[in-house]
Amino acid sequence: MDQFFNVVALGMLLGGTYALVSVGLNLIFGVIRIVNFSQGEFLMLGMYGAYLGYSTMGLDPYAGAFIVVPALTLLGMVVYWLVMRPLQNEPMMQVFASFGLLLLIQNVVLAITGGVGMSMNTPFSQVTLTIAGVQFSATRLIILLAALVAAGGLGLFLAKTNFGQAIRAVAQDRMAAQLMGINVERTFMWSFGIGTGLAGLAGVLLTPIYTLSPQIGGNFVMAAFAVVVLGGLGSVLGALVGGFIVGLTEAFAGYYIDPELKHAVIFIVFIAVLLIKPSGLFGQAGAEEVGLREQS
Amino acid sequence: MSAIQLGVEGVTKRFGGLTAVNDVSFALGQGDILSLIGPNGAGKTTLFNLLTGQLAATAGKVFFDGADITHYRPNQRARLGLGRTFQISQTLTSLSVLENAMIGAFLHHPRIADAADKAYAALERVGLASRAKEEAGHLTLGERRRLEVARALGLEPRLLLLDEVMAGLNQTELARIVDVVVALNASGQTIIVIEHNLKVVRTFSKRVLVLDRGKMIADGGADSVLQDPVVVEAYVGKKKQ
Amino acid sequence: MSNLDLAQSGALGDSRLAGRRGAAEVWTVANELPTFFAVVAAIGLAVYLLSNQFFYLNLLTMALLFGGLAVSWNIIGGFGGQFSIAHSVFFAIGAYTAGNLYKHFGVSPWIAILPAMLLSAAVAAIVSWPVFRLRGPFFAIATMALTEVAIAFAMHWKAVTGGASGLTIPYRAGLENMIFQQRWAYAALFLGYLAVTLLTSIVILRSRLGYYLQAVRDNDKAAEASGIPIMWTKLKGMAISAALTGIGGVFFMMYVRIVEPAGLLSLFDVGVKIALIALIGGIGTIYGPLLGALILVPLDYWLRAFMGSAVPGGNLIVLGLILVLGSLFMKKGVAGALRQVYRAWSRQQ
C-alpha cells in the first residue's frame, strides 16, 4: 500500500510540473489558438537562463526567475511580432514556423553549450519531507505550489483585469473585439509573451531537478498539449486538473506497466479525450470546433 | 399549392440564453418561391442553417420530401437535394471559377469531364461562363455571389436556398441576379431567398415570410404582408429610426 | 482515366458534344502525362549519366526517395491541407514490415509492399479518425504525439524492431530480394518509386477526390454544403498518402539493410524533413515536392558535412532558419515562385 501512495505522491508532484508547464501553453494554444511547438524550447531557455545567472553571478535559481521570466516574456513578444503575427491567418504556416523555431533555438543552444549536460543545486535540493511514510521532495513541492499560484494568478488576471478580459474577448471573436476598439495584435503579442514567460518560469523551477540539455523541452511539450486538450482549451482550472491527471497517469503507467511506454499512455489519454469529450473536462462545449478560419 | 417539399415544424434554436429561432413552422410546395425577410438579427440565417444542417435544432423537426432530416449532416442534406449559398461568399480561392462550380457538380457526376460540363452549364446560367478559367479569388463580390449560385446549381438541387445573394451589389449586378432567380423559378426550381431589399422581394416573390427576434410574425402574399402593420413596425418602422 | 471518359463520350454520339464545353476547359490526367514522362525520362538520363559516380548517384538516390515521400505527403498535406509530421511512422511501418517478412519468413520485399501499404493505411486511418472529427490544429498535434508513441513502441518491441540496436537483414543479392550489387539499380528502384507516387498524385489531383480534398482544405463549410463527406475525404487522402509512404519504407529497408528506431522515426531527419521538403518545393503542386527534394537533400548533406562538423547542430540551425523564413516569405515554395515568374513573363509577351 505504501508503494501505491508513493506512486500517487510521485504522480501528484509530476502533475504539478505538467500543470505549471501547461499554464503558459494554455494561454498560447488554448486562448489565442497558436500551435506553438517551440513552447518546450522556451522552457529550456528558462533553464539555461537560470543556469547562466547561477554560474556567472552566483544567483540562486529561484532568485534568477526575476530576471529570466521578464526576459523570456520579452523574447516571446518579439517572436510573436516577427514570426507569428505575419502568419495570423495561416495556421498551417504557424505550425511550420514554430517547428523552425524549435530547431533553431534548440540547436543554437547546442552550438553554444556544446551539448554538455549541466546541473545545479539549491539549498532545497536535498530536502525531502516525509508525511505518513510518503516522501515529497521540496523542489517538487515548490513547483506544485508555483503551479497553483500561476494558475490562480492567470485565472484572476483573465477574469478580473481589463486586459485579461480583452484577451478573452479577442479569443472569442476577433472581429467583434476589433470593432470594440481592442488592439488585437497587441493583445496577442502580450498573450504570447506571457505564455512564453510562464514557460520560462517553469524552466527555472525545474533546474534543480533535471539535468540541463538542449533537447529537454521535448520531454514536456507533448504532455503539455495533452494537458491543455484534456483540461479544455482556454480553461485555467482545466490545465491544473489536466496536469494532475496526466501526471498520475504517467506515474502509474511507469510503475505498473513500463516506463518506456509512458508516452504511449499519454497519447492514448489524448486520443480518448478527443473521442469522448473533445471540448475537454472544463472547456466550453463546441470550443474545439472553433476553426481558426472563422476567427480570421 | 403543389406537393409539399419542405416541412418545418416548431423549429427552435437556442444559443445559451438567446433564442435565435423560436418555434417556426411552415411548408413549401414543389416549384414555389418564398422570401424570408426580417430585421438584422431576426434569425433568418440561423433558420437557413437549421434547414441545411450547419446547425442542429434545439427542438422541432425538418422534413424534406416526407423524410425527417432533422438529424442529417449538411452533406447528406445536399445529397437529398438541398443546395445553398452563404451570406458571406465561401469562395474556394485556390481553384478556378469552373473548378469552384465543379465542386457542386461532382455530387451527381463523379467523372471529371461530366462534372466540368455540368459546371460550365451552371456558369452559363449565372453569366460567368466567359470567366471559367480565371482564378476564383480574382472575382468581384457580385461575381462571387453568382459563383456561389452556380456551385449550388451544380448540385442539381430540388430546393435552392439563397442567403442574401443580392446584398451589396450595384444596380447592374442586382438586375442580373434577379433575372437569374426569376428564370430559375420559371424553370420549376423551388427557391427560398433571404433578402433585405423589399422592392426586390416584390419583383419575384409571391409569398413572404417575416421573422422578428426569432419568431415568425407573418406568412402570406407579398402585398398583404408588406402592408401588415405588425410587419411594418417590426421591420420598416425600425429601419427608419 | 480521362482517355476512357473521352472514348465513352464519343461512343455516346455527337449529340452530347454540344454540351461538352466544360470538359475542354479542365486539365485532365491525359494533359499531365507528357510532363510526367519528360520528368521521369530526364531523371532516368541523370541516373544513367551518374551510374559510375557513386557519390552523386547515392545523393540522387536519396533525393529520389525523399522526393517520393514528399510527393506522398503532399496528397494529404498539400491537397488536403492536413499537416502531418508523423509520416516517419508510416515509413517505419513499411520498413519493419518488409524487414521482418523477409528475415523471418523469406517473403520477397516485392510481395511485402502490399501488407506494408495496408498496415500503414490502417494505422493512419485509426489515428486520424478521432482528430479529423475536429476542426483546427489538433491533427498536427496528434501526429507529433504519434511519432513519440511510435518511438516508444519501437524501442520496446524488440522482437520486431531489434530495439535500439536495430534490425539487420542479410545481404543476398538478387532481383527477387530487391538487393542489388550495382548502385545504379537502387537509383532506378527509387526512380520507380518516385514515378509511382507522382502518377498517383496526378491521378488524385485530376479526379473528384483531388478536388474534394482541395475544397475541404480551402473551405470546409462550403465543401460540406456541396455534399462532400469531409471525414471520408480526409481519411481517404490520409490513407493513400500513408500507404505510399509505406512503400518508401519497404524500399529503404532493402537499400540500407539496417534500420534503428532513432534514425527511422527521427522527428527531424524524417518526419519534419518530408514536410519541409514539400514546403520548400511548393505545397499542393505536383512537382513542387520533387523539386524540394532535389534542392534540400544535397543541401542537407552539404550542411551536415561542412557545418555539422564545425558547429554542433549547425546544419539544423540552418534548416530551422529555412523553415521559419520559408513559412514567412515563400509559402508557395520554389514551384510557386517559378510560376509567378512565368506568369509575369507570359504577360509581357
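The values are calculated or read from the model by the stated rules, or taken from the named source; none is laboratory data. None of these values were measured; they are calculated from a predicted model. When we count neighbours, we look across all protein chains shown, and the Cβ atoms used for this are built from the backbone with ideal geometry, even at glycine. Note: areas computed on protein heavy atoms with side chains; ligands, DNA, RNA excluded. Shrake-Rupley method; radii C 1.70, N 1.55, O 1.52, S 1.80 Å.
Please go through segment B:30-63 and pick out each residue that is farther than 16 Å from C:Ile228 by Cβ, within 14 Å of chain C (Cβ to nearest Cβ) and either outside any loop (DSSP other than H, G, I, E, B) or charged (D, E, K, R) (or both). Spell out how you get there, then give the answer.
From segment B:30-63, those farther than 16 Å from C:Ile228 by Cβ are B:30-51, B:55-63; that's our starting set.
From what's left, within 14 Å of chain C (Cβ to nearest Cβ): B:45, B:48-51, B:55-56.
Those that are farther than 16 Å from C:Ile228 by Cβ, within 14 Å of chain C (Cβ to nearest Cβ) and either outside any loop (DSSP other than H, G, I, E, B) or charged (D, E, K, R) (or both): B:Thr45, B:Phe48, B:Asn49, B:Leu50, B:Leu51.
So which of C:Ile141, C:Ile111 ends up being surrounded by fewer than 18 Cβ atoms within 10 Å (Cβ to Cβ), free of Cβ contacts under 8 Å to residues at least 60 places away in the same chain and either in contact with a helix residue (DSSP H, G or I) (Cβ under 8 Å, 6 or more places away or on another chain) or not in a helix (DSSP H, G or I) (or both)? Show your work before the answer.
Values: C:Ile141 fails: surrounded by fewer than 18 Cβ atoms within 10 Å (Cβ to Cβ).
On inspection, the qualifying residue turns out to be C:Ile111.
Across segment A:215-237, which residue is farthest from C:Ile317 (Cα to Cα) among those that are within 12 Å of chain C (Cβ to nearest Cβ) and surrounded by fewer than 24 Cβ atoms within 10 Å (Cβ to Cβ)?
Out of the qualifying residues, it is A:Met222.
In segment C:153-164, how many are within 27 Å of the chain's Cα centre (by Cα) and open to solvent by 10 Å² or more (accessible area, probe 1.4 Å)?
Keep residues of segment C:153-164 that are within 27 Å of the chain's Cα centre (by Cα), which gives C:153-155, C:157, C:160-164.
From the residues that got through so far, the ones that are open to solvent by 10 Å² or more (accessible area, probe 1.4 Å) too are C:153, C:155, C:157, C:160, C:162, C:164.
Number of matching residues: 6.
Give me the residue from segment C:169-217 that is within 14 Å of chain B (Cβ to nearest Cβ) and without any contact (Cβ under 8 Å) to a residue 40 or more places away in the chain and, out of that set, farthest from B:Arg111 (Cα to Cα). Can you show your working first?
Taking segment C:169-217 first, the residues within 14 Å of chain B (Cβ to nearest Cβ) are C:202-217.
Next, from what is left, pick out any that are without any contact (Cβ under 8 Å) to a residue 40 or more places away in the chain: C:208-209, C:211-212, C:215.
Details: C:Arg208: 7, C:Leu209: 10, C:Tyr211: 11, C:Tyr212: 13, C:Ala215: 16 Å.
Residue satisfying both the conditions and the ranking: C:Ala215.
Which one is nearest to the chain's Cα centre (by Cα), of the residues in segment B:32-43 that are surrounded by 15 or more Cβ atoms within 10 Å (Cβ to Cβ) and modelled with pLDDT under 90? Break it down stepwise before answering.
First, the residues of segment B:32-43 that are surrounded by 15 or more Cβ atoms within 10 Å (Cβ to Cβ): B:32-39, B:42-43.
Filter again for modelled with pLDDT under 90, leaving B:37-39, B:42-43.
Values: B:Ile37: 12, B:Gly38: 15, B:Pro39: 17, B:Ala42: 16, B:Gly43: 14 Å.
Filtering segment B:32-43 for residues that are surrounded by 15 or more Cβ atoms within 10 Å (Cβ to Cβ) and modelled with pLDDT under 90, the one nearest to the chain's Cα centre (by Cα) comes out as B:Ile37.
With the checklist (1) closer than 14 Å to C:Arg21 by Cβ; (2) modelled with pLDDT under 90; (3) within 7 Å of chain C (Cβ to nearest Cβ) in hand, flag the one item B:Arg125 doesn't pass.
Every listed condition holds for B:Arg125 apart from (3).
Could you tell me whether segment C:336-347 includes any residue that is among the small types (Gly, Ala, Ser), in contact with a helix residue (DSSP H, G or I) (Cβ under 6 Å, 6 or more places away or on another chain) and within 14 Å of chain A (Cβ to nearest Cβ)?
So in segment C:336-347, the residues among the small types (Gly, Ala, Ser) come out as C:336-337, C:344, C:346.
When the remaining residues are screened for being in contact with a helix residue (DSSP H, G or I) (Cβ under 6 Å, 6 or more places away or on another chain), the result is none.
Within segment C:336-347 (the criterion being among the small types (Gly, Ala, Ser), in contact with a helix residue (DSSP H, G or I) (Cβ under 6 Å, 6 or more places away or on another chain) and within 14 Å of chain A (Cβ to nearest Cβ)), the answer is no, since none of the residues qualifies.
Considering only residues that are in a helix (DSSP H, G or I) and closer than 15 Å to C:Arg217 by Cβ, look in segment B:87-120 and name the one that is nearest to the other protein chains (Cβ to nearest Cβ).
Restricting attention to segment B:87-120, the residues satisfying the condition of being in a helix (DSSP H, G or I) are B:97-105, B:112-120.
Adding the requirement that they be closer than 15 Å to C:Arg217 by Cβ leaves B:99-100, B:103.
On the way: B:Glu99: 7, B:Asn100: 9, B:Ile103: 5 Å.
Checked segment B:87-120; the qualifying residue nearest to the other protein chains (Cβ to nearest Cβ) is B:Ile103.
Return yes when B:Leu211 is farther than 20 Å from B:Gly31 by Cα, buried (at least 22 other Cβ atoms within 10 Å of the Cβ), more than 14 Å from the chain's Cα centre (by Cα) and within 14 Å of chain C (Cβ to nearest Cβ) and no when it is not. First the steps, then the outcome.
Numbers: farther than 20 Å from B:Gly31 by Cα: yes; buried (at least 22 other Cβ atoms within 10 Å of the Cβ): yes; more than 14 Å from the chain's Cα centre (by Cα): yes; within 14 Å of chain C (Cβ to nearest Cβ): no.
The answer is no for B:Leu211.
Which residues, counting only those in segment C:289-321, are farther than 27 Å from C:Ser72 by Cβ and touching a residue at least 12 places away in the same chain (Cβ under 8 Å)? Please lay out each step first, then the result.
Initial filter on segment C:289-321 (farther than 27 Å from C:Ser72 by Cβ): C:305-314, C:317.
Scanning segment C:289-321 gives no hits.
How many of the residues making up segment C:206-235 are among the polar types (S, T, N, Q) and in contact with a Ser or Thr (Cβ under 7 Å, 6 or more places away or on another chain)?
Taking segment C:206-235 and keeping what is among the polar types (S, T, N, Q), we get C:207, C:214, C:219, C:226, C:233.
This time we only want the ones that are in contact with a Ser or Thr (Cβ under 7 Å, 6 or more places away or on another chain), so: C:214.
Matching residues across segment C:206-235 total 1.
Based on this model, can you work out whether C:Leu296 counts as away from chain A (no Cβ under 12 Å) and open to solvent by 10 Å² or more (accessible area, probe 1.4 Å)? Reasoning before the result, please.
Details: away from chain A (no Cβ under 12 Å): yes; open to solvent by 10 Å² or more (accessible area, probe 1.4 Å): no.
Considered against the rule, which asks whether it is away from chain A (no Cβ under 12 Å) and open to solvent by 10 Å² or more (accessible area, probe 1.4 Å), C:Leu296 comes out as no.
Answer with yes or no whether B:Ala150 is in contact with a Lys or Arg (Cβ under 9 Å, 6 or more places away or on another chain), surrounded by fewer than 22 Cβ atoms within 10 Å (Cβ to Cβ), modelled with pLDDT under 95 and hydrophobic (A, V, I, L, M, F, W, C).
Numbers: in contact with a Lys or Arg (Cβ under 9 Å, 6 or more places away or on another chain): yes; surrounded by fewer than 22 Cβ atoms within 10 Å (Cβ to Cβ): no; modelled with pLDDT under 95: yes; hydrophobic (A, V, I, L, M, F, W, C): yes.
In short, no.
Are any residues in segment B:73-99 buried (at least 16 other Cβ atoms within 10 Å of the Cβ) and more than 18 Å from the chain's Cα centre (by Cα), and if so, which ones?
Across segment B:73-99, the qualifying residues are B:Leu92, B:Ser94, B:Leu95, B:Ser96, B:Val97, B:Leu98, B:Glu99.
Name, by its number, the condition in (1) modelled with pLDDT under 85; (2) closer than 30 Å to B:Gln227 by Cα; (3) open to solvent by less than 10 Å² (accessible area, probe 1.4 Å); (4) not polar (S, T, N, Q) that does not hold for B:Arg202.
(3)
Check segment A:23-37 and report whether any residue there is open to solvent by 40 Å² or more (accessible area, probe 1.4 Å) and within 14 Å of another protein chain (Cβ to nearest Cβ).
Just the residues of segment A:23-37 that are open to solvent by 40 Å² or more (accessible area, probe 1.4 Å), to begin with: none.
No, the conditions are met nowhere in segment A:23-37.
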